[in-house]
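A quick write-up on the structure given underneath.
The values are calculated or read from the model by the stated rules, or taken from the named source; none is laboratory data. Being a predicted model, the structure only gives us computed values, none of them experimental. Here the Cβ positions follow ideal geometry from the backbone for every residue, glycine too, while neighbour counts run over all protein chains shown.
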Amino acid sequence: MKMKKVLSVVLVVALVACLFAGCGKKTDGTSGALKIGTIGPLTGDAAQYGNATKHGAELAAKEINAKGGIQIEVNGQDDESDAEKSVNAYNNLLDWGMQVLVGPTTTTPSIAVSAEANKDRIFMLTPSASAVKVTEGKDNVYQICYNDPNQGSASARYMSEHIPGAKVAVIYDNASAYSTGIYQTFEAKAKELGVEVVSVTTCTEDTKDYSVQLGEAKNAGADVVFLPIYYTPASLILNQANATGYHPTFFGVDGMDGILSLKGFDTSLAEGVMLLTPFAADSTDEATASFVKAYEEAYGETPNQFAADAYDCVYAVYQAFTASGLDVSASHEEICDALMQQFNTMSFSGITGADMVWKDGQVDKEPFAVIIKNGAYTSAG
């Protein structure tokens, strides 16, 4: 009987302690670590992107945790690159106790989730969702990737300076905010710089036959085909162009990064493809080489730009959080305010850019071009 009373007292004390500690849904760091959530497509056609961002974030957290001091816990959720599923993943992370969001990975889900994060005052830093709409009107939402306008204008500028006299065809996805945003700024900058655009055709994510688009480009005499699209449709275009004997220079943006790892794709078809990216795995600088080595050892593959962006995201958050003086027990609202203050004033250097600064949530850093040679990315100069 006495033992039952003792057990009853213990249970009551435990229940009270649990209530005061905030058992159930909470968004503070009572686990002893800063809780960072990631969201991206871990399954489906865009799975390379989501797994890369998850792995990049995890690797950064592992390195930071090994230093001692502030600890970071990463929880990665799958959204299949779908907006509704991404919001569900975000809510799951809130239930887990997320204090900072590194993600989502792709643009349309990020636009949906950024509205929720803004309302809930969760600090959001997306590694790779580049549309202006992601950050627009949301003071606590930031990008570490350069945005669509920057990619479009930088592509036109690069062609003007390095491929003068080119006749350019464009194939873009007019149902995608990402693709359309890049095309629109490319078109404007190309006109300004005198880059000759001889053909513009569209597609959607459901397009499988690109004979019309490629036929128009070929008939117009295009020797460069600009593809502001993701790597899966780009792989179809490269295959079909090769089958018809059409061999222009294909020029992509960050969405094409990952094509060399696409299952079943003949990488020889990508020989000579150029793309703008903030990261090249063959870079000889010490920080990049160390990251690539650690990533390959951990995951058995060479990291792409998405992994590098997420890696930098976690380190940028770590830098800002450390400078803020906050403890991991702070609420997500307190952390949000502190990180905003830091990001609006700090400079950050990582493997995807040096001396990055932010204005209105958008990062200022320069893209650079790479070319695929012998199945690997190399600097295009």
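Yes or no, residue by residue, for (1) assigned to a helix (DSSP H, G or I); (2) in the same structural domain as Val314 (by TED's automatic domain parsing); (3) under 19 Å from Ala166 (Cβ atoms):
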{"position": "Glu192", "(1), (2), (3)": "yes, no, yes"}
{"position": "Glu205", "(1), (2), (3)": "no, no, no"}
{"position": "Gln213", "(1), (2), (3)": "yes, no, yes"}
{"position": "Glu216", "(1), (2), (3)": "yes, no, yes"}
{"position": "Ile237", "(1), (2), (3)": "yes, no, yes"}
{"position": "Phe265", "(1), (2), (3)": "no, no, no"}
{"position": "Glu301", "(1), (2), (3)": "no, yes, no"}
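Checking each residue in region 144-203 for being within 30 Å of Tyr315 (Cβ to Cβ) and among the small types (Gly, Ala, Ser) picks out Gly152, Ser153, Ala154, Ser155, Ser176, Ala177, Ser179, Gly181.
With the requirement that a residue be charged (D, E, K, R) and farther than 18 Å from Ile372 by Cβ, what does region 268-324 give you? Step through it out loud before you land on a result.
Pass one, region 268-324, residues charged (D, E, K, R): 271, 282, 285-286, 293, 296-297, 301, 309, 312.
Across region 268-324, the qualifying residues are Asp285, Glu286, Lys293, Glu296, Glu297, Asp309, Asp312.
With respect to the stated conditions, Glu297 fails to be over 16 Å from the mean Cα position of the chain (by Cα) and assigned by TED's automatic domain parsing to the domain that holds Thr201. Of the residues that sit in region 132-145 and are surrounded by 24 or more Cβ atoms within 10 Å (Cβ to Cβ) and not polar (S, T, N, Q), which one is farthest from the chain's Cα centre (by Cα)? Per the stated criteria, the residue is Val141. Scanning region 323-353 for residues that are among the hydrophobic types (A, V, I, L, M, F, W, C) and in a helix (DSSP H, G or I), we see that the one that is farthest from Gly37 (Cα to Cα) is Ala323.
Count, please, the residues in region 153-176 that happen to be touching a helix residue (DSSP H, G or I) at 6+ places or on another chain (Cβ under 7 Å), part of a helix (DSSP H, G or I) and either closer than 26 Å to Ser211 by Cβ or not assigned by TED's automatic domain parsing to the domain that holds Pro228 (or both). Can you show your working first?
Taking region 153-176 and keeping what is touching a helix residue (DSSP H, G or I) at 6+ places or on another chain (Cβ under 7 Å), we get 153, 155-157, 160, 166, 168-174.
Of the ones still in play, those that are also part of a helix (DSSP H, G or I) are 153, 155-157, 160.
Narrowing the set further to residues that are either closer than 26 Å to Ser211 by Cβ or not assigned by TED's automatic domain parsing to the domain that holds Pro228 (or both) leaves 155.
Matching residues across region 153-176 total 1.
Among what's in region 103-152 and is among the hydroxyl-bearing types (Ser, Thr, Tyr) and part of a helix (DSSP H, G or I), pick the residue that is nearest to Gly76 (Cα to Cα). Out of the qualifying residues, it is Ser110.
Which of the following residues is closer than 23 Å to Leu101 by Cβ, among the acidic types (Asp, Glu) and in the same structural domain as Glu116 (by TED's automatic domain parsing): Asp257, Asp309, Asp355? Don't jump to the end; show me each part of the working.
Details: Asp257 fails: in the same structural domain as Glu116 (by TED's automatic domain parsing); Asp355 fails: closer than 23 Å to Leu101 by Cβ.
Sole residue among the options that is closer than 23 Å to Leu101 by Cβ, among the acidic types (Asp, Glu) and in the same structural domain as Glu116 (by TED's automatic domain parsing): Asp309.
Residues in region 339-381 that are hydroxyl-bearing (Ser, Thr, Tyr) and more than 20 Å from the chain's Cα centre (by Cα) were compared, and the one that is farthest from Ala156 (Cα to Cα) is Thr345.
The requirement of being within 21 Å of the chain's Cα centre (by Cα), buried (at least 20 other Cβ atoms within 10 Å of the Cβ), assigned by TED's automatic domain parsing to the domain that holds Lys62 and of a type in the set (A, V, I, L, M) is fulfilled somewhere in region 320-334, by at least one residue. Residues in region 268-286 that are part of a helix (DSSP H, G or I) and loosely packed, with under 13 Cβ neighbours inside 10 Å: Ser268, Glu286.
The set of residues in region 330-352 that are in contact (Cβ under 8 Å) with a residue 60 or more places away in the chain, in contact with a helix residue (DSSP H, G or I) (Cβ under 8 Å, 6 or more places away or on another chain) and under 30 Å from Thr277 (Cβ atoms) comprises Leu339, Phe343, Gly350, Ile351, Thr352.
When Leu238, Leu227, Leu214, Leu193 are checked against the criterion of being more than 13 Å from Ile171 (Cα to Cα) and modelled with pLDDT of 95 or more, a single residue qualifies: Leu193. Can you find even one residue in region 239-257 that is within 18 Å of Gly165 (Cα to Cα), touching a residue at least 12 places away in the same chain (Cβ under 8 Å) and hydrophobic (A, V, I, L, M, F, W, C)? Scanning region 239-257, I find at least one residue that is within 18 Å of Gly165 (Cα to Cα), touching a residue at least 12 places away in the same chain (Cβ under 8 Å) and hydrophobic (A, V, I, L, M, F, W, C), so the answer is yes. Answer with yes or no whether Asp206 is modelled with pLDDT under 95 and of a type outside the set (Ser, Thr, Tyr). Yes: the conditions hold for Asp206.
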